[in-house]
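Heads up: the structure comes next, in structure tokens.
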Amino acid sequence: MRAGLRARQVVNLANGSTLAGLGMAALGGARAVRSADGLFLGTGYRLPLPPAPAFCLGNVIITRLDGLAPGSRLFWHEARHATQYAWCGGVVMVPLYLAAAGVSWALTGDFGARNVFEQRAGLADGGYTDKPLRPGIRRITAYRPAARRSAARRSAARRSAGRRSSAQAR
């Protein structure tokens, strides 16, 4: 196993997220077995939440499916989430992920499209598609460049006025 994958495995074990993942798999009736790259794969998950066909908690990929091939795009998508758990300090990623999902939903009406964790794990690999901003958000952002230009002009005018007044004081 590559050093980076071993480090991910050790960090996720130390931060408790892998143990939480094994517990979640057991709670959902999934059978967890060792898989590629230091990951566990829990198959046959039966709880209704989360609604995704697969999800990750620490170094544990949990799925409703009967199996998930280690070379599949969905497997690698979930493996990237395992790395995110290591970088985010373990189960702390859960509220961060939920906040990112909320922002994505507010912007697009979709929990994954603008979720930074899903984008970094590969939207298409996880079965997500990019969605446009909601119409009201698009209208707001359409005005933004003009607002920035106006703010820049006001700022430049203030700086210019400040230079004039300091030059007059001399």
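Multiplying the residue separation of Ser72 and Asp130 by 0.36 nm and subtracting their alpha-carbon distance yields 18.8 nm. Counting other Cβ atoms within 10 Å as a rough exposure proxy, the listed residues Met24, Met1 run Met1, Met24 from fewest neighbours to most. Once both labels are positioned 7 Å from their Cα atoms along Cα-to-Cβ, the gap between Leu27 and Trp87 label points is 2.6 nm.
Taken along the Cα-to-beta-carbon direction at a fixed 7 Å, the label points for Ala99 and Arg139 span 3.0 nm.
Using a cut-off of 14 Å between beta-carbons, work out the net charge of the residues near His77 (Lys and Arg +1, Asp and Glu -1, His77 not included). Summing Lys/Arg as +1 and Asp/Glu as -1 gives -1. Annotation: the antiparallel percentage among DSSP beta bridges lying fully within the stretch 3-126 is about 75.
Just so you know, all these numbers are worked out from the coordinates, no wet-lab data involved. Here the structure is a predicted model, which means the values were calculated and not measured. Every residue, glycine among them, receives a Cβ derived from its backbone with ideal geometry; neighbour counts consider all protein chains shown.
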